[in-house]
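Notes follow the structure.
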Amino acid sequence: MEDGVYVGNAGKDAALDRGWLLGHFKEQGGPRHSDAVEVKWGVHPRGERRAQWVKGEVRTTFLVLISGRFRMEFPGRSVLLEGQGDYVVWGQGVDHSWAAEEESVVLTLRWPSVPGYAVPKEDERRSP
């Protein structure tokens with residue numbers, strides 16, 4: 001990658017970092033590091049849900065369904081994505097959560113890329 005070009009596979013690369021392909025959390029100086037945008041290739045088994053709601057959102061998000069049935073939850077509103085290419089966009093201040101009604105693949109773009117929204121991994125939630 002000395003030439004500043006990264007070539008990868010979304011499915012394989014996503015499996016290494018909870019789905020994230022690009023953002024502030026990637027290696028500083030590499031082409032996948034960005035404070036401007038985050039990109040996630042989300043592969044979610046049927047029944048998987050976000051462990052907790054995102055509250056106090058400071059980013060704008062675009063989420064598009066690649067395959068499956070995926071439900072986005074917002075205060076007072078539920079949005080079902082069920083056809084390939086269905087998408088939803090929400091902005092700053094919009095709390096949200098999600099659930100995979102069927103095995104689903106979604107592509108998420110968020111901007112700007114800022115720390116502080118990751119749900120702790122299962123083993124991190126149990127530590128003292």
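The values are calculated or read from the model by the stated rules, or taken from the named source; none is laboratory data. Just so we're clear, the structure is a prediction, and the values are computed from it rather than from any experiment. Every residue, glycine among them, receives a Cβ derived from its backbone with ideal geometry; neighbour counts consider all protein chains shown.
Any chance you could count how many residues in the stretch 9-22 are modelled with pLDDT of 90 or more and in a loop (DSSP other than H, G, I, E, B)?
Total satisfying the criteria: 1.
Considering only the stretch 77-84, I want to know if a residue exists there that is out of contact with any helix residue (DSSP H, G or I) (no Cβ under 8 Å at 6 or more places or on another chain), without any contact (Cβ under 8 Å) to a residue 12 or more places away in the chain and surrounded by 15 or more Cβ atoms within 10 Å (Cβ to Cβ).
Among the residues of the stretch 77-84, at least one is out of contact with any helix residue (DSSP H, G or I) (no Cβ under 8 Å at 6 or more places or on another chain), without any contact (Cβ under 8 Å) to a residue 12 or more places away in the chain and surrounded by 15 or more Cβ atoms within 10 Å (Cβ to Cβ), which makes the answer yes.
For the stretch 23-59, how many residues meet the condition of being in a strand (DSSP E or B) and in contact (Cβ under 8 Å) with a residue 60 or more places away in the chain? Give the derivation first.
First, pick out the residues of the stretch 23-59 that are in a strand (DSSP E or B): 23, 33, 38-44, 49, 54.
Filter again for in contact (Cβ under 8 Å) with a residue 60 or more places away in the chain, leaving 23, 38-44, 54.
Of the residues in the stretch 23-59, 9 are in a strand (DSSP E or B) and in contact (Cβ under 8 Å) with a residue 60 or more places away in the chain.
Would you check which residues across the stretch 60-73 are crowded, with 16+ Cβ neighbours inside 10 Å and assigned to a strand (DSSP E or B) and list them? Outline the logic, then answer.
Within the stretch 60-73, the subset crowded, with 16+ Cβ neighbours inside 10 Å is 61, 63-66, 68-73.
Within the stretch 60-73, Thr61, Leu63, Val64, Leu65, Ile66, Phe70, Arg71, Met72, Glu73 qualify.
Taking Tyr6 as meeting all but one of (1) of a type in the set (Phe, Trp, Tyr); (2) under 18 Å from Leu109 (Cα atoms); (3) over 16 Å from the mean Cα position of the chain (by Cα), write down the number of the exception.
Result: Tyr6 passes all but (2).
Of the conditions (1) within 12 Å of the chain's Cα centre (by Cα); (2) over 25 Å from Lys12 (Cβ atoms); (3) not aliphatic (A, V, I, L, M), Gly91 clears all except one; give me its number.
Going through the list (1) within 12 Å of the chain's Cα centre (by Cα); (2) over 25 Å from Lys12 (Cβ atoms); (3) not aliphatic (A, V, I, L, M), Gly91 breaks only (1).
Could we say that Val105 is surrounded by 10 or more Cβ atoms within 10 Å (Cβ to Cβ) and either among the hydroxyl-bearing types (Ser, Thr, Tyr) or modelled with pLDDT under 95 (or both) here?
No.
Among (1) in a strand (DSSP E or B); (2) at pLDDT 90 or above; (3) closer than 20 Å to Gly116 by Cα; (4) in contact with a His (Cβ under 9 Å, 6 or more places away or on another chain), which single condition is Ala99 missing?
So the condition that Ala99 fails would be (3).
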